[in-house]
1. What is the P(r) of the range 108-170, as percent of Cα-Cα pairs per 10 Å bin from 0?
2. Figure the gain on full extension for TRP143 and THR202 (residue separation times 0.36 nm, minus the Cα-Cα span) and round it to one decimal in nm.
3. Roll a 1.4 angstrom probe over the protein heavy atoms and tell me the percent of accessible area of the range 166-209 that is carbon or sulfur.
4. Using a/c under 1.5 as the rounded threshold, could you call the range 19-96 rounded, prolate or oblate? The axes a ≥ b ≥ c are square roots of the C-alpha gyration tensor eigenvalues, and prolate needs a/b larger than b/c, oblate otherwise.
5. Take every DSSP beta bridge whose two residues both sit in the chain, then give the antiparallel share in percent to the nearest 5.
6. Given springs between every Cα pair under 10 Å in a Gaussian network model of the chain, which of PHE117, PHE95, PHE180 has the largest fluctuation?
7. So what J values fall out for the range 184-198 if you push phi through Karplus, 6.51 cos²θ - 1.76 cosθ + 1.60 with θ = phi - 60°, rounded to Hz, Gly and Pro as x?
8. Kindly state, to the nearest 0.05, the FRET efficiency for ALA70 paired with ALA91, given R0 = 41 Å and r defined as their beta-carbon distance.
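The values are calculated or read from the model by the stated rules, or taken from the named source; none is laboratory data. Treat the numbers as computed from the prediction; the structure is a model and nothing was measured. Ideal geometry is used to build each Cβ from the backbone, glycine not excepted, and the neighbour counts take in all protein chains shown. Keep in mind that these areas ignore ligands, DNA and RNA; they rest on the heavy atoms of the full protein, side chains included. Shrake-Rupley method; radii C 1.70, N 1.55, O 1.52, S 1.80 Å.
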Amino acid sequence: APLAALVLGLHAWGDSAGGWLRRKELAWAYPERIQGSVIVRLPRGHDADGFAAREVEKARLRILALHGAAFRLRPPAEPLRVHLLEEEAFAPFGFRAEPGGTYDPVRGIAVRIDPVFNQEEVSRAIRRQTAHAILQASGPKGWSPWLEAGMAAILDESSPPAEAGVPSLADLLQARPGDFQGPSGPRYARGAALLATFLHRTMEEALLHYYW
């Protein structure tokens with residue numbers, strides 16, 4: 001019995017130490033850099049932290065200037081964290097790898113970067129995820145997934161490409177958060193963007209009432 005307890009204890013210590021070591025390695029490989037009110041985590045040796053912080057600030061200022069009063073928006077709590085990650089680093093940092101990036105209220109924004117840094121794609125993803133951050137800081141909790149996705153499209157003035165297709169209206173209105181992820185994500189995101197934009201242009205008061 002004492003030997004068994006010792007073996008179990010060593011296993012537990014090994015698992016704990018291994019996890020601690022992995023976290024340290026990850027933190028070393030992806031250091032944090034502070035840029036004003038934005039904290040950027042990116043691969044060691046990469047110099048896109050200033051670019052990422054500027055894109056967040058531009059998106060924040062534009063969204064609040066254009067839509068802040070109508071939608072009663074407020075900026076997310078500072079500092080906002082932005083992770084510029086290679087695809088294999090998403091899971092270790094607790095994110096799901098999505099082509100257009102992702103936002104988590106606790107962890108912040110995560111955007112995928114490729115070996116050849118594409119400023120346009122990274123900028124577009126940062127704008128969209130900054131819109132999500134502002135919405136989640138401002139709006140009611142537990143709203144429909146299509147509404148959040150559609151509102152984000154209104155705020156950052158974008159929509160997935162036409163070739164993504166759209167789901168049926170019934171499927172869109174009943175969609176779950178998972179439908180906006182993975183292979184079906186662009187299709188549902190485009191459907192939500194088209195519906196919310198249509199309502200915003202034709203029945204703005206009704207949309208605002210539904211939003212609140």
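1. Bins of 10 Å from zero give 18, 45, 31, 6, 0 percent of pairs.
2. 19.1 nm is the gain from fully extending TRP143 to THR202.
3. 57 percent
4. In terms of gyration-tensor shape, prolate.
5. 45 percent
6. Residue with maximal mean-square fluctuation among PHE117, PHE95, PHE180: PHE117.
7. In residue order, the calculated couplings are 7, x, x, 5, 6, 5, 5, x, 5, 5, 5, 5, 5, 5, 4 Hz.
8. Result of the calculation: an efficiency of 0.60.
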